[in-house]
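Data block below; observations after.
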Amino acid sequence: MSRILPRSTPAAEGVDPAALRRLVAGLDALEDVHSVMVLRHGKVITEAWWQPHTADRPHVMFSVSKSFTSTAVGIAVHEGLLTLDDRVVDLLPDDAPDDPGEHLAAMRVRDLLTMTTGHSASTMEGIDRTISLPRPRWAGAILARPVEHEPGTHFVYNTGATYLLSAILHRLTGQRLLDYLTPRLLEPLGITHATWEQDPDGIDVGGFGLSVTTEEMAAFGQLYLQGGVWKGRQLVPAEWVAAATSAQVPNGPHDWPEWNQGYGYQFWQCRHGAYRADGAFGQYVLVWPEKDLVITMTSGLMDLQAVLDVVWDTLLPDAAWVAPYRAAPDAGPERFEPALPTPSGAPSSPLLDALAGVTYELEPNERDVNALAVGRSLDGRTEVTFTTTGGVDQVQQFGYGEWVPGSWSVRGETVDVAAAAAWADEATLRGRLVFLGTPFEWRLELRFSADDVAVTIDQNVAFGERRMLHVPGRARRD
């Protein structure tokens, strides 16, 4: 993978290497952090990817996407395409209702940016993602929602607001958001891996759906730390950077302190004078101007505050900062090679050979998994075959103490995975199936008893229920 950013040693940039080792160890203890990269003075001083995640693979960013959308709006404002005081109904006339009502009619671009549209809840909830032409489109469905409060007065985290910003830019430029940003932002930064999920009408969804690498995230954060300047070019107006990353509106209350510090233009304020782009399940671009520091992380966690607490616990103390001193000429950043923990237990079970030729028919379930079989692969690994509706088999080998790559079909698309498993006892197999480039993994337990099996699959993170499958099955011997 080609590098975007220069490298240096922690000591040369005034950071105690021991503090960074504690940072990585603290993140490792959370068990589902996927990557971290630390920059000081614009140079990478620490980097780590938890295997099976790798540096070259783009990762789903979720709401970090919002900060890229905000950046596109700032550039478009500078180009004279719109202003913050333009009315939303005027910018999306084909999607606005004929009688918008007082609050919707008063909604401005700045209200979309600050999540103060006047709605009482996120307007993306319940949007049918299969909606396409003819109308209603997503924008039409969002603008049809009741606006209960005066815009600008009531903060509600609202992904639909960011989608409307993308739809506005799509209409004004005639381009996808991704295509608009490519020559203005992405190419100058060296971001070449970006993809963005689209709605059925070809509009980038704006509030989520962006995938980039950890280093590409870091370049974006460094651009903001530098006031929008990159290699002598002002890519993003300095006044936009300052406004977007300042507290424009109050937010909260929230049990996590980092979510009570104020909200800018699709950026969150943090404690200690920092700010961040923030995506679900622990995707972060953390910018700490006082320390001239950028930290990017990808994760698959439900406790989002825990990730930031590790940063403050390890880098806030005075002892983390030292007088810079020259390192050896061939020295570079602290590089770590951690790995996600694999299940503990035995590599095999006497039961495994007895399961050869046995198929377990499962009771009907909402995941449409009809049957499974467990056996030994040619190279001795545990192998599980799931049979779904239509008789389609998905076969996955599970490594013991190592991650074995594979592929999995999800909603008609093939995605890369890695898997590991162990026998907790002679009758219980536990495995992890990691969906690479995403926060998601499945945690499986197959518990065998005579001619029966109990199948449990939980997802590590989710916006709703994390229990995916809990179903019994009965052996059918071929």
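The values are calculated or read from the model by the stated rules, or taken from the named source; none is laboratory data. Quick caveat: nothing in here was measured; it's all calculated off a predicted structure. Backbone-built Cβ (ideal geometry, glycine too); neighbour counts: all protein chains shown. Protein only, heavy atoms only, side chains kept; ligands, DNA and RNA dropped before computing areas. Shrake-Rupley method; radii C 1.70, N 1.55, O 1.52, S 1.80 Å.
For this structure, a couple of remarks:
- Applying 1/(1 + (r/R0)^6) with R0 = 60 Å to the Cβ-Cβ distance of ASP425 and ARG171 gives a FRET efficiency near 0.50.
- Near TRP321, the amide H atoms lying under 5 Å from its own belong to ASP16; only residues 5 or more places off or on other chains count, and H is placed 1.01 Å from N.
- Amide proton proximity set for SER348, modelled H, under 5 Å, gap of 5+: TRP423
- Label-to-label distance, ARG335 versus GLU125, with points set 7 angstrom from Cα along the beta-carbon direction: 4.7 nm.
- For region 203-351, the convex hull spanned by the alpha carbon atoms encloses 228 Å³ per residue.
- For region 268-364, averaging the sequence separation of C-alpha pairs within contact (under 8 Å, six or more residues apart) and dividing by the residue count gives a relative contact order of 13 percent.
- Ranked packing of 390-401, 292-303, most packed first, by mean Cβ within 10 Å: 292-303, 390-401
- Take each peptide in 261-269, 53-61, 381-389, count the other Cβ atoms within 10 Å of every residue, and average; sorted highest first, the result is 261-269, 53-61, 381-389.
- For the chain, carbon and sulfur atoms together expose 49% of the accessible surface, with a 1.4 angstrom probe and every protein chain in place.
- The string of couplings for region 296-313 from the Karplus curve (6.51, -1.76, 1.60, θ = phi - 60°) is 10, 9, 10, 7, x, 10, 8, 8, 6, 5, 4, 5, 5, 4, 4, 4, 5, 5 Hz, one whole number per residue in order, with x for Gly and Pro.
- Pairwise centroid distance, computed over Cα atoms, of region 398-476 with region 214-273, Å: 38 Å
- Theoretical gain in end-to-end length, ARG474 to LEU378 [0.36 nm per residue, Cα-Cα removed]: 32.0 nm
- The residues of the chain present an accessible area of 41 Å² per residue when probed at 1.4 Å with all protein chains retained.
- Averaged over residues, the count of other Cβ atoms within 10 Å places the peptides 462-472, 104-114 in the sequence 104-114, 462-472, highest first.
- Of all DSSP beta bridges in region 1-125, antiparallel share, percent nearest 5: 90 percent
- Of the beta bridges in the chain, as assigned by DSSP with both residues counted there, near 95 percent are antiparallel.
- 222 nm mean residue ellipticity, helices alone, for the chain (DSSP H n ≥ 4; -39,500 (n - 2.57); rounded to 500): -6000 deg cm²/dmol
- Couplings 3J(HN,Hα) of region 113-124, computed from phi: 5, 9, 6, 10, 6, x, 6, 8, 7, 4, 7, 7 Hz, in residue order, whole Hz [Karplus 6.51 cos²θ - 1.76 cosθ + 1.60, θ = phi - 60°; x for Gly and Pro].
- With θ taken as phi - 60° and the Karplus curve 6.51 cos²θ - 1.76 cosθ + 1.60 applied, the whole-hertz 3J(HN,Hα) list for region 386-392 is 9, 10, 9, 3, x, x, 7 Hz, x standing for glycine and proline.
- Alpha-carbon centroids, region 28-69 and region 283-299: separation in whole Å: 10 Å
- Förster radius 22 Å - calculated FRET efficiency between ARG467 and THR385, Cβ distance, rounded to 0.05: 0.50
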